[in-house]
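Here is the structure we will look at.
The values are calculated or read from the model by the stated rules, or taken from the named source; none is laboratory data. Note that the coordinates shown come from a computational prediction; the quantities given were computed from them, not determined experimentally. Don't worry about glycine lacking a Cβ; one is built from the backbone with ideal geometry, like all the others, and counts go over all protein chains shown.
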Amino acid sequence: MSEPVLSIRDLHVSFPTATVVQGVSFDVMPGEIVGVVGESGSGKSMTARSVLRLLPKSARLGGSIRFRGQEVLDMSPADIRAMRGALVSMVFQDPMTSFNPVLRIGDQIAEAMTLHGQKDRKTLSDRVASLLASVGIGNPKARARAYPHEFSGGMRQRALTAMAVANGPALLIADEPTTALDVTVQDQILQLMRDLNATSGTAILLITHNIAVVASLCRRLIVMYAGRVVEDGPTDEVLTAPRHPYTWSLLQSVPRLDRATGRLVAIKGQPPDPAEPLAGCKFHPRCPWVEERCTRDEPPLEDGVRCWVRPAL
Amino acid sequence: MVIAVASRLLLRRALLAVPLVFAVVALTFFFIRLAPGDPAQILAGDAPTPEFLAQVRAEYGLDQPVWTQFLAFLAKALTGDFGTSLYSKQPVFAVILERFPATVLMTGTAMIVASIVGILVGVASAKRAGSHADTLISSASLLGYSMPGFWVGQLLVLLFSVSLDWFPATGMEAARASYTGWRHIQDVAWHMVLPVTTLALFLLTMIARFTRAAMIDALDQDYVLVAEAKGASRNRILWHHAFRNACVTTITVIGLEFGAVLAGAVVVEIVFGWPGLGRLFYDAIYRRDFPLLTGAFMFSSLIVIGVNMVSDVACALLDPRIRR
Ligand SMILES: Nc1ncnc2c1ncn2[C@@H]1O[C@H](COP(=O)(O)OP(=O)(O)O)[C@@H](O)[C@H]1O
Ligand SMILES: [Mg+2]
């Protein structure tokens, strides 16, 4: 088996007030699409941004992140910049605010390439046009001269994706790329990611709180809760036979057509406040299967599940 | 492309400015006539006979109703004739033009210095927002902002001219030596140091404060994170991404404060004996030289309107969202 493109071990992210990512470990193999799901606040974005060392100033990072075997946390600022946008790139949640409003779309896409050594103007403008065309934006030469406010949300997210893949990265991290979009546009973006993965073999780490998105795209699924990985496994297994009570509750809360009730069951209770210490499993206050030791000791992630009880679900 | 857009925007704003200019002219004219003091009295000198006073009034049209005077003034103004100075008997326009270069030199230099230093200070403190250096800069700029210009001017004169004798305290050039060429330029520059510093200080602190706030806001935007994720360096993010957005605020502040700078120039010119429009203005008020006062008021208002137009257009060119 080949070497993972991304290998995260025991990742910790802490702010002065709280530790928001604790002991996260997982691998992404070349060409793989891995989904990360979890409620908002569970540390998905902080995990993703750690890979490019793009955390807020007050954040402290611990553990290990290896990209193609090289330790990201030990890289010099220049090495990090050389990696950002070239080998590993990122698409963010809000397409409305991700483009600089006073610069042309085409110039911003071209910048992704000039920053990594491509200076020839003709090559750049051709490449920008072909990138825009590849994400389904018609009349790309003219559209490249447009400003962000002249693009719709869906077009901006497509242009952002084009910008992210401009240098043919080995890994694309997409942090809730479709959350701010309506359903039809969501599908277009997901199709775009699927094509990208199929044609250029780019590995994708897809972060979302929408299980339906994951189901259609990812072969592997990582479930995060309160800054920890609670379940990690092949998507179809996790979705059809969840092994962690939190994953199970999450699936219960998704409306499904094949369910008789068709009702949305919200998970009762709130995720723990990272600033408040909580002993034992972080899910125990909300868990229907809670036992005594769950309130005392935190279970380890073993065999892809972080649970003492492992009820038959 | 840019030139076409700029001239279109400028034309539209110029058309919008026409009623404004008219209002300024009318207000100036009537307000000055409302001010106390009878120009005929001043023109006629000490203890004139009533007949002579009436003759002076008739000669300058001062016996007509204010409305008639205004229409006559307007009709002449449209042909470029703004009347004659009561004091020097020279055409108002010529008197103003003669003094204009000195004011442009000082105000323009002060604006350029204030913009460059203000932007550098604002960006530098936004980069270190919350640090000790930032707090120090903010306090210093609050101080600079709250000190009146005439007082700063006097302090600078006392320190750098009277005590240290580094820079001359008044005038635009050394009175006795008549320098030419490069030496002359040096001499004028030397005389400009204190008045320009005094005048620039207020604008500089305004620019620094607003630029800092706009930069902090810009640096917090998602597009900055996106630029970082593309591999942009700190400096590129600061200037190419954040400042390109923040400078719209900076330019707006410069445009809006230009009127205050020009008003400040009057004070500074008097404190430093600078032979510009401000000095002329002051003397015209003192001598109740109404035509000259009207002309000078109008002229400076037009300049303020013009500068605001240019800053509006510059903002629109820099931020495509404001372009219409
Ligand atoms: N700058 C910050 N300072 C302190 N806490 C933060 C900061 N940014 C994010 N957090 C906290 O980190 C936690 C994880 O956030 P995030 O990774 O964005 O969650 P997700 O992407 O899963 O919704 C949240 O509880 C959030 O409040
Ligand atoms: Mg998030």
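Annotations
- Flag if B:PHE202 is in a helix (DSSP H, G or I), more than 14 Å from chain A (Cβ to nearest Cβ) and closer than 21 Å to B:ARG279 by Cα: yes
- When residues of segment A:23-65 are limited to those that are among the polar types (S, T, N, Q) and within 16 Å of ligand 2 (Cβ to nearest atom), the one nearest to the chain's Cα centre (by Cα): A:SER45
- Applying the condition of being outside any loop (DSSP other than H, G, I, E, B) and within 16 Å of ligand 1 (Cβ to nearest atom) to segment A:89-104 and asking which residue is farthest from A:ALA174 (Cα to Cα) yields A:THR97.
- Test: A:ARG66 is within 14 Å of chain B (Cβ to nearest Cβ), surrounded by 15 or more Cβ atoms within 10 Å (Cβ to Cβ) and farther than 22 Å from A:ARG158 by Cβ: no
- Residue check, B:VAL226 in a helix (DSSP H, G or I), among the β-branched types (Val, Ile, Thr), more than 8 Å from chain A (Cβ to nearest Cβ) and buried (at least 20 other Cβ atoms within 10 Å of the Cβ): no
- Boolean, A:ASP107 is away from ligand 1 (no atom under 15 Å from the Cβ) and in contact with a strand residue (DSSP E or B) (Cβ under 8 Å, 6 or more places away or on another chain): no
- Residue among B:THR109, B:THR84 that alone is in contact with a strand residue (DSSP E or B) (Cβ under 9 Å, 6 or more places away or on another chain) and of a type in the set (Ser, Thr, Tyr): B:THR84
- Looking only at segment A:194-240, residues that are within 16 Å of ligand 2 (Cβ to nearest atom) and surrounded by 20 or more Cβ atoms within 10 Å (Cβ to Cβ) come to 15 in all.
- Matching entry among A:ALA86, A:ALA129, A:ALA133, A:ALA59 (being of a type in the set (Gly, Ala, Ser), within 14 Å of chain B (Cβ to nearest Cβ) and more than 16 Å from ligand 1 (Cβ to nearest atom)): A:ALA86
- You will find that of B:THR135, B:THR68, B:THR107, the residue that is within 23 Å of B:THR198 (Cβ to Cβ) and not acidic (Asp, Glu) is B:THR107 and no other.
- Extreme residue, farthest from A:VAL230 (Cα to Cα), among residues of segment A:27-41 that are part of a strand (DSSP E or B) and within 16 Å of ligand 1 (Cβ to nearest atom): A:VAL34
- Residue count for segment A:42-54, restricted to those that are more than 14 Å from every other protein chain (Cβ to nearest Cβ) and either assigned to a helix (DSSP H, G or I) or more than 23 Å from A:ILE267 (Cα to Cα) (or both): 2
- Conditions (1) of a type in the set (S, T, N, Q); (2) within 17 Å of A:GLY227 (Cβ to Cβ); (3) at pLDDT 90 or above; number of the one not met by A:THR295: (2)
- One residue from A:ARG243, A:ARG228, A:ARG219 being within 14 Å of ligand 1 (Cβ to nearest atom) and touching a strand residue (DSSP E or B) at 6+ places or on another chain (Cβ under 7 Å): A:ARG228
- Of all residues in segment A:164-171, none satisfies being within 16 Å of ligand 2 (Cβ to nearest atom), of a type in the set (Val, Ile, Thr) and modelled with pLDDT under 95.
- All of (1) out of contact with any Asp or Glu (no Cβ under 9 Å at 6 or more places or on another chain); (2) of a type outside the set (Asp, Glu); (3) more than 30 Å from B:MET192 (Cβ to Cβ); (4) assigned to a helix (DSSP H, G or I) hold for B:VAL261 with one exception: (3).
- Boolean, A:MET83 is closer than 24 Å to A:SER45 by Cβ and surrounded by fewer than 20 Cβ atoms within 10 Å (Cβ to Cβ): no
- Being buried (at least 18 other Cβ atoms within 10 Å of the Cβ) and of a type outside the set (D, E, K, R) is a description that applies to B:GLY83.
- Any hit, segment B:123-132, residues being β-branched (Val, Ile, Thr), closer than 17 Å to B:THR211 by Cβ and part of a helix (DSSP H, G or I): yes
- When A:ILE8 is tested against (1) within 14 Å of chain B (Cβ to nearest Cβ); (2) among the β-branched types (Val, Ile, Thr); (3) free of Cβ contacts under 8 Å to residues at least 60 places away in the same chain, exactly one condition is not met: (1).
- Among the residues examined, B:ALA242 qualifies as over 30 Å from B:PHE73 (Cβ atoms) and within 12 Å of another protein chain (Cβ to nearest Cβ).
- Number of the condition not met by A:GLN108 [criteria: (1) buried (at least 20 other Cβ atoms within 10 Å of the Cβ); (2) at the interface with chain B (Cβ under 8 Å from one of its Cβ atoms)]: (2)
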